[in-house]
1. I'm trying to understand the selection: among the residues of the stretch 1-46, which are loosely packed, with under 15 Cβ neighbours inside 10 Å and assigned to a loop (DSSP other than H, G, I, E, B)?
2. Which one of these does residue 93 not meet: (1) in a strand (DSSP E or B); (2) within 18 Å of residue 150 (Cβ to Cβ); (3) over 18 Å from the mean Cα position of the chain (by Cα)?
3. What about residue 133, is it in contact with a strand residue (DSSP E or B) (Cβ under 6 Å, 6 or more places away or on another chain) and part of a strand (DSSP E or B)?
4. Out of contact with any helix residue (DSSP H, G or I) (no Cβ under 9 Å at 6 or more places or on another chain) and at negative phi: does that describe residue 62?
5. Is there any pair with a first residue in the stretch 5-28 that is farther than 16 Å from residue 40 by Cα and a second that is part of a helix (DSSP H, G or I) whose Cβ atoms are under 9 Å apart and which are 6 or more apart or on different chains, and what are they?
6. Assigned to a strand (DSSP E or B) and over 22 Å from residue 277 (Cβ atoms): does that describe residue 143?
7. For residue 155, indicate whether it is in contact (Cβ under 8 Å) with a residue 24 or more places away in the chain, farther than 20 Å from residue 207 by Cα, out of contact with any helix residue (DSSP H, G or I) (no Cβ under 8 Å at 6 or more places or on another chain) and buried (at least 22 other Cβ atoms within 10 Å of the Cβ).
8. Just the residues that are in a loop (DSSP other than H, G, I, E, B) and within 14 Å of the chain's Cα centre (by Cα), please, taken from the stretch 180-190.
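What follows is calculated from the coordinates using simple rules that are stated; it is not laboratory data. Bear in mind the structure is a predicted one, so any value in this text is a computation, not a measurement. Cβ coordinates were reconstructed from backbone atoms using ideal geometry, including for glycine residues, and neighbour counts include every protein chain displayed.
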């Protein structure tokens, strides 16, 4: 019998306020659970606008403690109620003035397993993230969940292959990449990089993007959320590039072992030759 996990991703429009955004995500999570999903991931900074289109200290107020803040606690209760694993991307305040772009990981019994902090922080027009976030400092953890070994990479991280590989070497079977990325050259890279990373590391990648144009800027977030399998192929196609959508797919985890037996990339690595990559 195949070792199959039903997994969900959500690309959502900005509702206009934090409370209603959280309510929308709870509604979709319940819908995913009714459809049989056992693991889900929301989009980057899920309960807010993508405020990095501007540089304004007003948006520091969106940050919360993780796991002791109200949003983590609320979704811990929901995970326990629904029996679902959740990757919860949020704005984290470790202490006043120390802020991160973070994703909490919650198991199906509601237990908090830990968090990943975005490692690579951009600072370019429309993506002024260094104004808001310190670079992540927790490495590349992989979380043992009730559905398998889950890793997280966040948005701009996806351009850096080293973290994808680290997650694979740490045992990930599924890596979720919650994002906020807009039309242009990015749209080509969106379908190229994450499918290639799934193939290079022979695991599943869940790629989640926002949708629509938000009031803070003219970034046109184009959705196209998808799962890529360990061979770098879309799992039953992508989500819409213009509409809010809950995407649910069956992930055959046995395909990971099958692909690794065929391609053997990990066996044939030469880490003894890679030292210069970290010396400059």
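1. Once the filter is applied, which keeps residues that are loosely packed, with under 15 Cβ neighbours inside 10 Å and assigned to a loop (DSSP other than H, G, I, E, B), the stretch 1-46 yields 1, 2, 3, 16, 17, 35, 36.
2. Here residue 93 meets the rest and fails (2).
3. Numbers: in contact with a strand residue (DSSP E or B) (Cβ under 6 Å, 6 or more places away or on another chain): yes; part of a strand (DSSP E or B): no.
Against the criterion (in contact with a strand residue (DSSP E or B) (Cβ under 6 Å, 6 or more places away or on another chain) and part of a strand (DSSP E or B)), residue 133 does not qualify.
4. On the way: out of contact with any helix residue (DSSP H, G or I) (no Cβ under 9 Å at 6 or more places or on another chain): no; at negative phi: yes.
Spelling it out, it is not the case that residue 62 is out of contact with any helix residue (DSSP H, G or I) (no Cβ under 9 Å at 6 or more places or on another chain) and at negative phi.
5. These pairs meet every condition: 13/24; 14/21; 15/21; 15/23; 15/24; 18/62; 18/71.
6. On the way: assigned to a strand (DSSP E or B): yes; over 22 Å from residue 277 (Cβ atoms): yes.
Considered against the rule, which asks whether it is assigned to a strand (DSSP E or B) and over 22 Å from residue 277 (Cβ atoms), residue 143 comes out as yes.
7. Values: in contact (Cβ under 8 Å) with a residue 24 or more places away in the chain: yes; farther than 20 Å from residue 207 by Cα: no; out of contact with any helix residue (DSSP H, G or I) (no Cβ under 8 Å at 6 or more places or on another chain): yes; buried (at least 22 other Cβ atoms within 10 Å of the Cβ): yes.
So residue 155 does not fit the description; no.
8. Residues of the stretch 180-190 in a loop (DSSP other than H, G, I, E, B): 180-181, 183-184.
Once the filter is applied, which keeps residues that are in a loop (DSSP other than H, G, I, E, B) and within 14 Å of the chain's Cα centre (by Cα), the stretch 180-190 yields 180, 181.
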